[in-house]
Amino acid sequence: MSNSHSLHTLLEAILFGAGRSMSVDELASLLSMRNFQISEGLHDLKKVINSREDGALQLAEVSGRWIIEVKPDISPSLPESFKPEIPQRLLPAAALIAYHQPMPQAQLRDMLGPKAYDHVRDLASLGLIDKRREGLTRRLTTTRRFAEYFGCPEIEFRKVRSWFRDEASKLGLTSAQLAASLAPDEQMTISEFTGEDNPREIDAQAEE
């Protein structure tokens, strides 16, 4: 690593350039440094960003991953055209998680098939969902960033779930029908939620 720039400056450049969330492991690998050094650098960067008067950005941690994003109180003032786009292929998974959260990843796999693992990884990378290890599977919930993206007035995941279900009810759609309608070009086959309390992780490989 070059000594001409501080660690927090390099971290800021990497995170800004990536445009997505990154783990400490990823950053440490990129910079050939130890994880504890990266963690210290991230906390230094957070202090630097927070000290900027009237700054538009913040450094946030979501599910152990770090991302530079626009401050939530500024987002509503931005033109609609500046809203980041979620790839259409991810919208069904996002809708299913919002509707059924806290949702076991194994259940999402039952509904979407093996592609669910890739979708969970990509949604987490965008900072839209939180995935926490729970037994042999992961527990999926939405984040504040998710609520902001979909225009939900609530942030707490249970309230987001209620809001999402109300919106689906207004349209007369089940969760699977709503999910399929969000990505018609994908022609996905989506199963209805079975309501099992303790689904078994069918394919425990597909993590990260």
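Considering the stretch 103-116 alone, what residues qualify as being in contact with a Lys or Arg (Cβ under 7 Å, 6 or more places away or on another chain), within 30 Å of residue 72 (Cβ to Cβ) and of a type outside the set (S, T, N, Q)? So that I can check it myself, show each step before the final result.
Within the stretch 103-116, the subset in contact with a Lys or Arg (Cβ under 7 Å, 6 or more places away or on another chain) is 104-106, 116.
Add one more test, that the residue is within 30 Å of residue 72 (Cβ to Cβ), and what stays is 104-105, 116.
Correct list: 104, 116.
Can you go through 131, 159 and tell me which one is surrounded by fewer than 20 Cβ atoms within 10 Å (Cβ to Cβ) and either of a type outside the set (Val, Ile, Thr) or touching a strand residue (DSSP E or B) at 6+ places or on another chain (Cβ under 6 Å) (or both)?
Values: 131 fails: surrounded by fewer than 20 Cβ atoms within 10 Å (Cβ to Cβ).
Only one candidate qualifies: 159.
Might you check whether a residue that is surrounded by 16 or more Cβ atoms within 10 Å (Cβ to Cβ), polar (S, T, N, Q) and at pLDDT below 85 occurs anywhere in the stretch 135-155?
Step one: filter the stretch 135-155 for residues surrounded by 16 or more Cβ atoms within 10 Å (Cβ to Cβ), giving 137-138, 140-150, 152.
The next check asks that each one be polar (S, T, N, Q); those that pass are 137, 141-143.
Pick out the ones that are also at pLDDT below 85 and you get 137.
Yes, there is a match, as at least one residue in the stretch 135-155 is surrounded by 16 or more Cβ atoms within 10 Å (Cβ to Cβ), polar (S, T, N, Q) and at pLDDT below 85.
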Quiz item: Does residue 124 satisfy the criteria of being surrounded by 22 or more Cβ atoms within 10 Å (Cβ to Cβ), aliphatic (A, V, I, L, M), modelled with pLDDT under 90 and over 23 Å from residue 22 (Cα atoms)?
Solution: no
Exercise. Under 8 Å between Cβ atoms, at least 6 apart or on separate chains: pull out the pairs that start in the stretch 149-162 with a residue that is over 18 Å from residue 139 (Cβ atoms) and end on any residue that is among the hydroxyl-bearing types (Ser, Thr, Tyr) and part of a helix (DSSP H, G or I).
Key: 154/162
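Let's see how each residue does on (1) part of a helix (DSSP H, G or I); (2) more than 12 Å from the chain's Cα centre (by Cα); (3) assigned by TED's automatic domain parsing to the domain that holds residue 65:
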{"residue": "96", "(1), (2), (3)": "yes, yes, no"}
{"residue": "99", "(1), (2), (3)": "yes, yes, no"}
{"residue": "122", "(1), (2), (3)": "yes, no, no"}
{"residue": "139", "(1), (2), (3)": "no, yes, no"}
{"residue": "161", "(1), (2), (3)": "yes, yes, no"}
{"residue": "164", "(1), (2), (3)": "yes, yes, no"}
{"residue": "169", "(1), (2), (3)": "yes, yes, no"}
{"residue": "179", "(1), (2), (3)": "yes, yes, no"}
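The values are calculated or read from the model by the stated rules, or taken from the named source; none is laboratory data. Note that the structure is predicted; figures quoted are calculated from it, not measured. Virtual Cβ from ideal backbone geometry, glycine too; neighbours counted across all protein chains shown.
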